Structures are given as structure tokens and as C-alpha cells.
Amino acid sequence: MDIHQDHQGRVLVVAPVGRLDSTTSEALEQALTTALDQRECQLVVDFEGVTYISSVGLRVLLTVAKRIREGHGSLVLCALGDAVRQVFELAGFLPLFSIERARDLAITRCAPGA
Amino acid sequence: MAASPATIMPSTPRVTVFVAASPAGVVAAGNDLVRFQADHGMDPEAAWPVHVALDEILSNIVRHGGSQGRDPLIEVSFVIDSADLEVTIVDDGPEFDPLNLPGPDLTSSIDERQPGGLGVHLVKRLMDRVEYARRGGRNHLVITYHVRPSNPPGLGRE
């Protein structure tokens, strides 16, 4: 899958494109893990281009969120489409994450005053 | 709950494919589903829950023993009956009835949250009907999704 990455000040925006399922989620996991290893600790994941997500994709996000909490960074998700939001809701994931409507709002929330 | 799969009328459009119990097989089955939907004027976007459910079920089989069975192939059948899309998945791995699994942890904090069981939970919640039977040493799982009226299948599409 294609994963676009873009720095906005101190925030790294990661935008996967396509479906986040059992065969594609590993690419997102690698991108996010690499970012964390390089001490990027302010991350926005933009779901604008994501058509749907399965449990493997959810697992990747949970793992990354736990690591970011340990490292005192921040993770904000944005632009969840209906399909993605519905899966988050069914999985009880909505309360676990900071979620914004749009990328610019997510960047501001991720690094206030940046 | 675990009733036999619905009887299929001979005239009902049905396609059966065999895919390898491997990640490549999971991709192939997803592509077969897209093709089946397109052939029957159904918008794959409208039936995205079926794609999620199929991915969950097949990746579970690949992880938990499909390849340990005698036959490393998984049989996947697609049937469409008006707005109902039915998918039957048959594998000869160890007996596994997803309907008997306990529900996942949906409420604990992020530090304590365990992601186990989420896939099966999503299948149950996203599908309108899920039926399981163990027959002839094989797992038969039938999932049915009713394509919602707000998403008319393929209207106005080539």
C-alpha cells in the first residue's frame, strides 16, 4: 500500500492509502515503527485515503498508541470515513484515541502552539 | 444459532473459488469478491463490511491452522440473492466455531486493552447473519450481508 509521509513542523503526518487489512497493515506498522525509532513522537495518522480497516489495522494503531504513551509523545487520528469510523466504534476504539475531523485540526492538537 | 446454511436455489448466481491458505490466498479471495460484486452490478464500496469479514475469517484460518490441514486450500463461495450477499468459507483446519468465542475487551483503558478476539467480534457485528457447522472434518462458515437501501447496488454504473 502507498503511505504518504509529510512533516508539518514537529509533527509527522502519516497517510496510508487504500485498505488497512491483514495483508496491507504491516506496511503501516513499519512506517509508524520506523518513525518512533527515529524519535518522531508527535504523529498524526490521516485516514482520508483509507477505504476500510480490519482488526489487524486496529492492532497496529493500539500498539503504536501504547508506545507513544510510554514515550510521552502524542498521536492524533483524523479524517475517518464512515467505514473506518464504524469499525472503530464496534471495536470500542473511539474513546481510546484523539480524533479530529481534518488534518489541520489534528496537527494543531498534536503539537499545540507549534 | 448454528443452523445449516440456507438452501441455495439452483438458479441463484453462485461462484466458487479455491484459494491457498496463505496471505496471497487472502488477497486472491478479496479480488474474487470484487469481481463477483462487479459482475452482479454491486458496488464493492457499499458492501465493504463483507470485505472486512472475509479478511478476518481467512486471515484467522491462515494463522490458526488452515495450512496444517490435509488440504491447504480454502473453498470460498459467493452467492447473491436480491440484496443479500452470502459468502461460505470452508476449510479443513482444526475445529473452530467463532460463535462460541467470548467477546473481546471493549472497555478497558489503552494501557490494559487486549486486542484479541476483535476480528471475530467485527465479523459478528458487521454481518447480518453468521452460521457455523462442522461437517465431514471441515469448518463451514456462512456469512450474510444485506446491502443497505442507502447504498443501492451499482445503480448507474457500467
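The values are calculated or read from the model by the stated rules, or taken from the named source; none is laboratory data. Predicted, not measured: the structure shown is a model, and the values here were computed from it. Reconstructed Cβ throughout: ideal geometry from the backbone, glycine too, with neighbour counts over all protein chains shown.
Computed quantities for the displayed model
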{"quantity": "Residue within region B:78-90 that is at pLDDT 90 or above and farther than 23 Å from B:VAL147 by Cβ present", "calculated": "yes"}
{"quantity": "Scan of region A:41-60 for residues that are over 13 Å from the mean Cα position of the chain (by Cα) and surrounded by fewer than 20 Cβ atoms within 10 Å (Cβ to Cβ), ordered by number", "calculated": "A:THR51"}
{"quantity": "Selection within region A:5-23 - touching a Pro at 6+ places or on another chain (Cβ under 8 Å) and either closer than 20 Å to A:GLY81 by Cα or in a strand (DSSP E or B) (or both)", "calculated": "A:SER22"}
{"quantity": "Conditions (1) more than 13 Å from the chain's Cα centre (by Cα); (2) within 14 Å of chain B (Cβ to nearest Cβ); number of the one not met by A:ILE68", "calculated": "(1)"}
{"quantity": "Any hit, region B:44-54, residues being of a type outside the set (D, E, K, R), out of contact with any Pro (no Cβ under 6 Å at 6 or more places or on another chain) and away from chain A (no Cβ under 14 Å)", "calculated": "no"}
{"quantity": "Region B:33-67: number of residues that are in a loop (DSSP other than H, G, I, E, B), among the acidic types (Asp, Glu) and touching a Ser or Thr at 6+ places or on another chain (Cβ under 9 Å)", "calculated": "1"}
{"quantity": "Condition check for B:ASP32: surrounded by fewer than 23 Cβ atoms within 10 Å (Cβ to Cβ), of a type in the set (Asp, Glu) and modelled with pLDDT of 95 or more", "calculated": "yes"}
{"quantity": "Which numbered condition A:LEU58 misses (of (1) more than 21 Å from A:HIS4 (Cα to Cα); (2) at the interface with chain B (Cβ under 9 Å from one of its Cβ atoms))", "calculated": "(1)"}
{"quantity": "Selection from region B:99-131 of residues that are in contact (Cβ under 8 Å) with a residue 24 or more places away in the chain and at the interface with chain A (Cβ under 8 Å from one of its Cβ atoms)", "calculated": "B:GLY119, B:LEU122, B:LEU126"}
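Yes/no matrix, rows are residues, columns are (1) at negative phi; (2) surrounded by fewer than 18 Cβ atoms within 10 Å (Cβ to Cβ); (3) hydrophobic (A, V, I, L, M, F, W, C):
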| residue | (1), (2), (3) |
| --- | --- |
| A:ASP6 | yes, yes, no |
| A:LEU20 | yes, no, yes |
| A:LEU32 | yes, no, yes |
| A:ILE68 | yes, no, yes |
| A:HIS72 | no, yes, no |
| A:ARG109 | yes, yes, no |
